[in-house]
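Written below as structure tokens is the structure these notes are about.
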Amino acid sequence: MTMLQALIEPLQYGFMQRSLVIAILVGLLCAVVGSYLMVQRLALLGDAISHSVLPGLAIAFLLGANIYIGAFIAGVISTMAIAWIRTRSPIKEDAAMGIVFSAFFALGVTLITVIQKDNKIDLNHFLFGNILGVTFQEVRDTAIIAAVVLLTVFLLYKELLFYTFDPLGAKAAGLPVNRLNFGLMLLIALTIVASMKAVGVILVLSLLITPGATAYLLVKRLHQVMILGAFIGVFSSICGMYLSYFYNFPSGPAIVLVVSGLFLLAMLFSPRHGVLIPSRKST
């Protein structure tokens, strides 16, 4: 089989066409939003929100509601809980995140286990992703979320950039930093909800952080990190999907392994930061 045939063959199937669209959207979305997380050193926040969507997903399923809306509501509640603990107690933010995400995740796993006793359905794909099983409705929902998030980032780019790099300066300049902070949390929650079916809530952190981190080793400015990160995210998602199709690998882990491999290459061979590249600091 030639390279071109290998690329074209899966695309004759509807499920692969839908998966390709989701892969591109999720890779793009996670990289753009994740760039802010990485620059602000808030990787744990992405982890906290991704684990916290599980109970919302399970409750929405029980009520027969849209599971994406349930997951989003749970993500928002978890961010509010983190903020509440941080502002009303001497507990630091990272500890608050650890408390909230472990509690929400435990509740979600418990609810899913209870649901699966009565309903013979598999909710595990929300933990690890199943990009090859997406429906047309899920593609539509993901496209809507992606459009909303990317448009928001585009419109608030300067404000978010200022706030991300200098929160105190942004506050002094009169920017509504609390609203920007909460808005960023909402964007993260929406991105995680959009990515659930592709890589699952456990692996979504990798897609949020690793493309941006890889780009950060190669370029300097935030907009460059976003653009290159988006390319890396999309490329990794598509490669992971093809690996999943041809070698029967689980789709979420396959995507994460590709993006992690690219990070390792950048870590070793980046012109400025590469471990195996002689240091140019002396020149």
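The values are calculated or read from the model by the stated rules, or taken from the named source; none is laboratory data. Everything numeric here is computed off the predicted structure, so don't read it as measured data. Cβ coordinates were reconstructed from backbone atoms using ideal geometry, including for glycine residues, and neighbour counts include every protein chain displayed.
What the table below lists for this structure:
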| item | result |
| --- | --- |
| Selection within segment 224-238 - in contact (Cβ under 8 Å) with a residue 40 or more places away in the chain and of a type outside the set (A, V, I, L, M, F, W, C) | Gly229, Gly233, Ser236, Ser237 |
| Any chance Phe128 is within 25 Å of Ala23 (Cβ to Cβ), in contact with a helix residue (DSSP H, G or I) (Cβ under 8 Å, 6 or more places away or on another chain) and of a type in the set (A, V, I, L, M, F, W, C) | yes |
| Within segment 111-135, considering residues that are charged (D, E, K, R) and in a helix (DSSP H, G or I), the one modelled with the lowest pLDDT | Asp118 |
| Test: residue in segment 174-181 that is surrounded by 22 or more Cβ atoms within 10 Å (Cβ to Cβ) and either among the hydrophobic types (A, V, I, L, M, F, W, C) or in contact with a strand residue (DSSP E or B) (Cβ under 9 Å, 6 or more places away or on another chain) (or both) | no |
| Top-ranked residue of segment 244-268 - restricted to ones that are under 20 Å from the mean Cα position of the chain (by Cα) and free of Cβ contacts under 8 Å to residues at least 40 places away in the same chain, ranked as surrounded by the most Cβ atoms within 10 Å (Cβ to Cβ) | Ala254 |
| Flag for Leu218 being loosely packed, with under 14 Cβ neighbours inside 10 Å and free of Cβ contacts under 8 Å to residues at least 60 places away in the same chain | no |
| Unique match (being in contact (Cβ under 8 Å) with a residue 60 or more places away in the chain, out of contact with any Cys (no Cβ under 9 Å at 6 or more places or on another chain) and either under 26 Å from Phe105 (Cα atoms) or not basic (Lys, Arg) (or both)) among Phe154, Phe182 | Phe182 |
| Subset of segment 244-279 that is in a helix (DSSP H, G or I) and among the aromatic types (Phe, Trp, Tyr) - its residue that is nearest to Gly27 (Cα to Cα) | Phe263 |
| Verdict on Phe128 being more than 21 Å from Gly212 (Cβ to Cβ), among the aromatic types (Phe, Trp, Tyr), surrounded by fewer than 19 Cβ atoms within 10 Å (Cβ to Cβ) and in contact with a Leu (Cβ under 8 Å, 6 or more places away or on another chain) | yes |
| Which listed residue is at pLDDT 90 or above and touching a helix residue (DSSP H, G or I) at 6+ places or on another chain (Cβ under 8 Å), from Ala198, Ala213 | Ala213 |
| Condition met for Met241 (under 13 Å from Met38 (Cβ atoms) and either hydrophobic (A, V, I, L, M, F, W, C) or not in a helix (DSSP H, G or I) (or both)) | no |
